[in-house]
Amino acid sequence: ENANALKFIKKGAKMKTLVVLSHPNFAASRLNKALANAAKNAGAEVRHLEGLYGTDALKIDVAAEQEAFLRADRIVFLFPMMGFGVPSMLKAYIDYVLSRGFAYGQGAKIAGKQLQIAVSAGGALGEYSKHGAIKFSLNEILLPLQCYADFCELVYGRIFASCGVEPGVPDSAIEAHAARFMRLLNDELEEHEYQI
């Protein structure tokens, strides 16, 4: 792993954080609801793409999303792993909002902001390795996000992962993930706590 990608440069003042949440079945999600609530409690702005725009990518208000992006020092993409990637509305957000002239190219405005990935997955963390059932790590699976961050000159943080969250997981496990996410947003998370 790139050492620069493991940690953010900490600032003296609390960073303004934007959480871009994408979950097509948010009403049924215990974990992502808990993480979104933790983000709100930490003072972050949370924008749930499907809540704002449904599942129609063409309804995304690019100007409003770009304004929200510019207000933040740190942007968190919060989503469940779907098809070994991001949900379709988050992919559309990346395509439309992080456009030429805004995110990269002449006139780009977002260089130096921090991008944090917060992903949830049903499988245990050990399955995401060359020795596990998936055969690839989360870093390998989500490499396109790091490529995009590097291309846009964003500071890419170590992936925050909540794994093994399947139906029937006890509330205490959900609460533990939410508490960990709160510590991440408050820049208090220890290195070994990022991926559980």
> Within straight cross-link reach of Lys14, meaning Cα distance under 24 Å, which lysines are found once same-chain residues fewer than 8 apart are removed?
Replying inline: Lys33, Lys40, Lys109, Lys113
> Computed over the Cα atoms of the chain, what is the convex hull's projected area averaged over all directions, in nm²?
Replying inline: 10.7 nm²
> Measuring with a 1.4 Å probe in the full set of protein chains, what accessible area per residue, in whole Å², belongs to the chain?
Replying inline: 49 Å²
>> Ignoring ligands, DNA and RNA, please state the percent of accessible area on the chain from carbon and sulfur, probe 1.4 Å.
In response: 54 percent
> Of all GluC sites (Glu not before Pro) in the range 138-196, which ones are in loop regions per DSSP and have a Cβ with at most 12 other Cβ atoms within 10 Å?
Replying inline: Glu188, Glu190
>> Taking the Kirkwood radius as the inverse of the mean 1/r across Cα pairs, report the Rg/Rh of the range 95-186.
In response: 1.07
> Full extension from Thr55 to Glu127: what is 0.36 nm times the residue separation minus their Cα-Cα distance, to one decimal in nm?
Replying inline: 22.9 nm
>> Only helices at least 20 Å long along their own axis, judged from Cα atoms, and with Kyte-Doolittle mean hydropathy of 0.5 or greater: name those in the chain from DSSP H.
In response: none
> What nm distance separates the two modelled labels at Ser99 and Glu188, each placed 7 Å from Cα along Cα→Cβ?
Replying inline: 4.0 nm
> Put a dot 7 Å past each Cα toward the Cβ at Ser172 and Ala108; how far apart are the dots in nm?
Replying inline: 4.7 nm
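The values are calculated or read from the model by the stated rules, or taken from the named source; none is laboratory data. Everything numeric here is computed off the predicted structure, so don't read it as measured data. Cβ: placed from backbone, ideal geometry, glycine included. Neighbour counts: every protein chain shown. Accessible surface is based on the protein model in full, side chains and every heavy atom, while ligands, DNA and RNA are left aside. Shrake-Rupley method; radii C 1.70, N 1.55, O 1.52, S 1.80 Å.
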